[in-house]
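Chemist: There's a structure below that I have some questions on.
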Amino acid sequence: MNAALPYPTGLLAELTHRCPLGCPYCSNPLELASRDQELDTPTWQRIFSEAAALGVLQVHLSGGEPLARRDLTELVAHCAAERLYTNLITSGVGLTEARLEALKKAGLDHVQLSVQDANAESADHIAGYRGAFERKRQVAQWVVASGLPLTINAVIHRANVTRAAAMVDLAVQMGAGRVEIAHAQYYGWALRNRDMLLPSGEDARAAVAEIETLKPRYADVITIDHVIPDYYARFPKVCMGGWGRRTLNVVPTGKVLPCHAAETIPGLEFWSAADRSLADIWANAPAFQAFRGTDWMQEPCRSCDRRDKDFGGCRCQAMALAGDARATDPACSRSPHHALMAEIRFATPTEAPGVYRYRR
Ligand code: SF4
Ligand code: FES
């Protein structure tokens with residue numbers, strides 16, 4: 001491997017697009033891979049071995065719903081044999097106590113459980129699945145009883161924005177050691193529901209303030225990982241730790257992306273782990289080279305003192321909002337497109353809450 005190349009430390013393995021839920025903020029693409037297009041067990045195992053050889057330390061087993069893969073326990077065992085830390089990102093729907101035990105025995109290290117709302121009825125409506133909320137409570141109990149660390153992940157949008165703090169309380173009740181509060185991002189299917197999901201500026205501001213005040217109160221109880229929405233930031237997030245610097249994302253068919261939403265950028269050439277090694281893809285795939293480092297930057301990023309800190313922010317957001325993946329992320333106050341963020345920040349909802357376009 002080229003000595004100048006950074007080494008990846010994380011791999012997001014989207015094992016399948018199959019999922020029992022229908023969350024309107026799903027950021028998976030509009031066109032989902034079918035079951036017969038998914039990589040088989042030996043190919044995933046080879047990918048995990050190649051990832052470990054490349055320097056990857058953590059594998060996030062995701063989807064869709066990774067529990068839909070019958071070989072999940074086998075895949076976890078393979079990762080454990082390669083000394084990879086495994087994080088199961090799940091809705092919990094479809095998990096049994098026996099399967100959780102088998103996963104733990106195979107070497108699973110961590111469970112990240114999604115929660116749609118602190119109110120059961122609303123949570124089930126958002127998930128498009130009756131009874132999902134109660135199942136999640138049950139799964140959380142099993143995870144905690146098994147001794148595995150539990151993180152609760154909650155996505156904030158108009159229907160639950162006033163219960164952001166209640167979701168932190170719920171995570172505490174569930175026995176989680178960490179809760180991630182993230183505001184919905186509008187890629188893939190979520191873009192179809194943007195008008196239904198976008199909270200009012202007032203509600204979003206109140207939720208941000210409320211969560212921040214909970215941090216000291218819960219300091220010894222739970223870690224609150226609050227991703228403040230871009231439209232309140234002065235500078236953008238270091239998306240993905242920088243393009244092609246820290247992580248790889250393998251989709252169910254084997255295509256390898258520098259980030260989850262990279263396919264929204266037109267003209268990028270992605271290579272597949274089905275027919276190339278991960279090391280070759282990391283070093284040479286055109287999509288990984290497109291925005292690696294700082295040579296691709298335009299002004300104001302090109303001459304900015306922060307360019308090696310945030311790498312110009314998010315390429316997918318620059319594409320979505322400024323129409324140019326090489327532009328400065330509009331979340332940056334130095335971007336000529338920064339006014340677009342204020343439009344989102346002060347948005348007034350136009351659609352009735354809770355009326356969603358579900359996938360099915
Ligand atoms: Fe980051 Fe570019 Fe903004 Fe500078 S101008 S802070 S490099 S996004
Ligand atoms: Fe693709 Fe940020 S989501 S670079």
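The values are calculated or read from the model by the stated rules, or taken from the named source; none is laboratory data. This structure is a prediction, so every number in the text was calculated from the model and none was measured. Virtual Cβ from ideal backbone geometry, glycine too; neighbours counted across all protein chains shown. Heads up: the accessible areas ignore ligands, DNA and RNA and are worked out on the full protein's heavy atoms, side chains in. Shrake-Rupley method; radii C 1.70, N 1.55, O 1.52, S 1.80 Å.
Chemist: I'm trying to understand the selection: among the residues of the stretch 135-152, which are within 21 Å of the chain's Cα centre (by Cα) and open to solvent by 30 Å² or more (accessible area, probe 1.4 Å)?
Modeler: Correct list: Pro149 only.
Chemist: Out of everything in the stretch 180-213 that is of a type in the set (Val, Ile, Thr) and under 28 Å from Arg315 (Cβ atoms), what residue ends up being most open to solvent (accessible area, probe 1.4 Å)? Show your work before the answer.
Modeler: To start, the set of residues in the stretch 180-213 that are of a type in the set (Val, Ile, Thr) comprises 181, 208, 211, 213.
Narrowing the set further to residues that are under 28 Å from Arg315 (Cβ atoms) leaves 181, 208, 211.
On the way: Ile181: 0, Val208: 22, Ile211: 1 Å².
By that ranking, first place goes to Val208.
Chemist: Now a separate question. Residue by residue through the stretch 318-342, note down the ones that are in a helix (DSSP H, G or I) and among the acidic types (Asp, Glu). Spell out how you get there, then give the answer.
Modeler: Quick first cut of the stretch 318-342, residues in a helix (DSSP H, G or I) only: 318-322, 339-342.
Residues satisfying the conditions do not exist here.
Chemist: Could you say which residue among Gly188, Gly177 is closer than 10 Å to Ile224 by Cα and in contact with a Pro (Cβ under 8 Å, 6 or more places away or on another chain)?
Modeler: Numbers: Gly188 fails: closer than 10 Å to Ile224 by Cα.
Just one listed residue meets the conditions, Gly177.
Chemist: Looking at Ala13, Ala33, can you tell me which residue is assigned to a strand (DSSP E or B) and either β-branched (Val, Ile, Thr) or open to solvent by less than 30 Å² (accessible area, probe 1.4 Å) (or both)? Before the answer, list the steps.
Modeler: Working: Ala33 fails: assigned to a strand (DSSP E or B).
Among Ala13, Ala33, only Ala13 is assigned to a strand (DSSP E or B) and either β-branched (Val, Ile, Thr) or open to solvent by less than 30 Å² (accessible area, probe 1.4 Å) (or both).
Chemist: With the requirement that a residue be near ligand 2 (Cβ under 10 Å from one of its atoms) and either out of contact with any Ser or Thr (no Cβ under 8 Å at 6 or more places or on another chain) or of a type in the set (Gly, Ala, Ser) (or both), what does the stretch 259-272 give you? Working first, answer last.
Modeler: At the first step, the residues of the stretch 259-272 found to be near ligand 2 (Cβ under 10 Å from one of its atoms) are 259-265.
Matches in the stretch 259-272: Ala261, Ala262, Glu263, Thr264, Ile265.
Chemist: Given the stretch 167-258, what strands (runs of 3 or more DSSP E) lie entirely inside it while holding 3 or more residues that are within 18 Å of the chain's Cα centre (by Cα), over 27 Å from Gln141 (Cα atoms) and not basic (Lys, Arg)? Walk me through it before giving the result.
Modeler: Values: elements: 178-183, 223-227, 247-250.
The qualifying strands (runs of 3 or more DSSP E) are 247-250.
Chemist: Sort out which residues of the stretch 36-53 are outside any helix (DSSP H, G or I) and in contact (Cβ under 8 Å) with a residue 12 or more places away in the chain, and write them in order of number.
Modeler: Taking the stretch 36-53 first, the residues outside any helix (DSSP H, G or I) are 38-40.
Once the filter is applied, which keeps residues that are outside any helix (DSSP H, G or I) and in contact (Cβ under 8 Å) with a residue 12 or more places away in the chain, the stretch 36-53 yields Glu38, Leu39.
Chemist: Does the stretch 307-323 contain any residue that is open to solvent by 60 Å² or more (accessible area, probe 1.4 Å), more than 27 Å from Ala190 (Cα to Cα) and touching a residue at least 60 places away in the same chain (Cβ under 8 Å)?
Modeler: yes
Chemist: Something else now. For the stretch 305-317, what are the residues that are polar (S, T, N, Q) and in a loop (DSSP other than H, G, I, E, B)? Spell out the reasoning first.
Modeler: Narrowing the stretch 305-317 to residues polar (S, T, N, Q): 317.
None - no residue of the stretch 305-317 is polar (S, T, N, Q) and in a loop (DSSP other than H, G, I, E, B), so the list stays empty.
Chemist: May I pose another question? How many residues are β-branched (Val, Ile, Thr) and touching a helix residue (DSSP H, G or I) at 6+ places or on another chain (Cβ under 6 Å) when one looks only at the stretch 210-220? First the steps, then the outcome.
Modeler: Start the filter on the stretch 210-220 by keeping residues that are β-branched (Val, Ile, Thr), which leaves 211, 213.
Pick out the ones that are also touching a helix residue (DSSP H, G or I) at 6+ places or on another chain (Cβ under 6 Å) and you get 211.
Selection size over the stretch 210-220: 1.
Here's the yes/no breakdown for (1) in contact (Cβ under 8 Å) with a residue 40 or more places away in the chain; (2) surrounded by fewer than 18 Cβ atoms within 10 Å (Cβ to Cβ):
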| position | (1), (2) |
| --- | --- |
| Gly55 | yes, yes |
| Leu61 | yes, no |
| Glu65 | yes, no |
| Ala68 | yes, no |
| Ala77 | no, no |
| Ala81 | no, yes |
| Leu88 | no, no |
| Ser91 | yes, no |
| Leu95 | yes, no |
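Chemist: Scan the stretch 116-123 and tell me whether some residue there is buried (at least 23 other Cβ atoms within 10 Å of the Cβ), in contact with a Phe, Trp or Tyr (Cβ under 7 Å, 6 or more places away or on another chain) and closer than 30 Å to Ala262 by Cα. Give the derivation first.
Modeler: Taking the stretch 116-123 as the starting set, the residues that turn out to be buried (at least 23 other Cβ atoms within 10 Å of the Cβ) are 116-117, 123.
Among the residues that remain, those that are also in contact with a Phe, Trp or Tyr (Cβ under 7 Å, 6 or more places away or on another chain) are: 123.
Applying the additional criterion that residues be closer than 30 Å to Ala262 by Cα yields 123.
Yes: one or more hits.
Chemist: Quick test of your reading of the structure: Phe288 fulfils all but one of (1) hydrophobic (A, V, I, L, M, F, W, C); (2) within 14 Å of ligand 2 (Cβ to nearest atom); (3) within 22 Å of Glu31 (Cα to Cα). Name the failing condition by number.
Modeler: (3)
Chemist: Could you check Arg292 against (1) closer than 30 Å to Ile152 by Cα; (2) open to solvent by 20 Å² or more (accessible area, probe 1.4 Å) and say which number it fails?
Modeler: Result: Arg292 fails condition (1) only.
Chemist: Follow-up question, since we're still on this one. Could you check the stretch 264-293 and list, in sequence order, the residues that are within 23 Å of Leu54 (Cβ to Cβ), assigned to a loop (DSSP other than H, G, I, E, B) and not aromatic (Phe, Trp, Tyr)?
Modeler: Quick first cut of the stretch 264-293, residues within 23 Å of Leu54 (Cβ to Cβ) only: 268-293.
Checking the rest, the ones that are also assigned to a loop (DSSP other than H, G, I, E, B) come to 268-271, 273-277, 285, 291-293.
Within the stretch 264-293, Leu268, Glu269, Ala273, Ala274, Asp275, Arg276, Ser277, Ala285, Arg292, Gly293 meet the criteria.
Chemist: Ok, one more. Quick check on the stretch 214-227: of everything there that is open to solvent by 30 Å² or more (accessible area, probe 1.4 Å), touching a residue at least 40 places away in the same chain (Cβ under 8 Å) and not charged (D, E, K, R), which residue is nearest to ligand 1 (Cβ to nearest atom)?
Modeler: First, the residues of the stretch 214-227 that are open to solvent by 30 Å² or more (accessible area, probe 1.4 Å): 215-221, 223, 225, 227.
Still in the running and touching a residue at least 40 places away in the same chain (Cβ under 8 Å): 218, 221, 223, 225, 227.
Those still in the list that are not charged (D, E, K, R) too: 218, 221, 223, 227.
Values: Tyr218: 31, Val221: 35, Thr223: 27, Val227: 17 Å.
For the stretch 214-227, the residue satisfying everything is Val227.
Chemist: Please determine whether any residue of the stretch 336-351 is modelled with pLDDT under 95, more than 14 Å from ligand 1 (Cβ to nearest atom) and over 30 Å from Ala206 (Cα atoms).
Modeler: The answer is no; no qualifying residue exists.
Chemist: Can you pull out the residues in the stretch 239-257 that are within 10 Å of ligand 2 (Cβ to nearest atom) and under 19 Å from Glu38 (Cα atoms)?
Modeler: Asn249, Leu257
Chemist: Residues Ala176, Ala182: which one is within 16 Å of ligand 2 (Cβ to nearest atom), in contact with a strand residue (DSSP E or B) (Cβ under 7 Å, 6 or more places away or on another chain) and not basic (Lys, Arg)? Working first, answer last.
Modeler: Values: Ala176 fails: within 16 Å of ligand 2 (Cβ to nearest atom).
The unique qualifying residue is Ala182.
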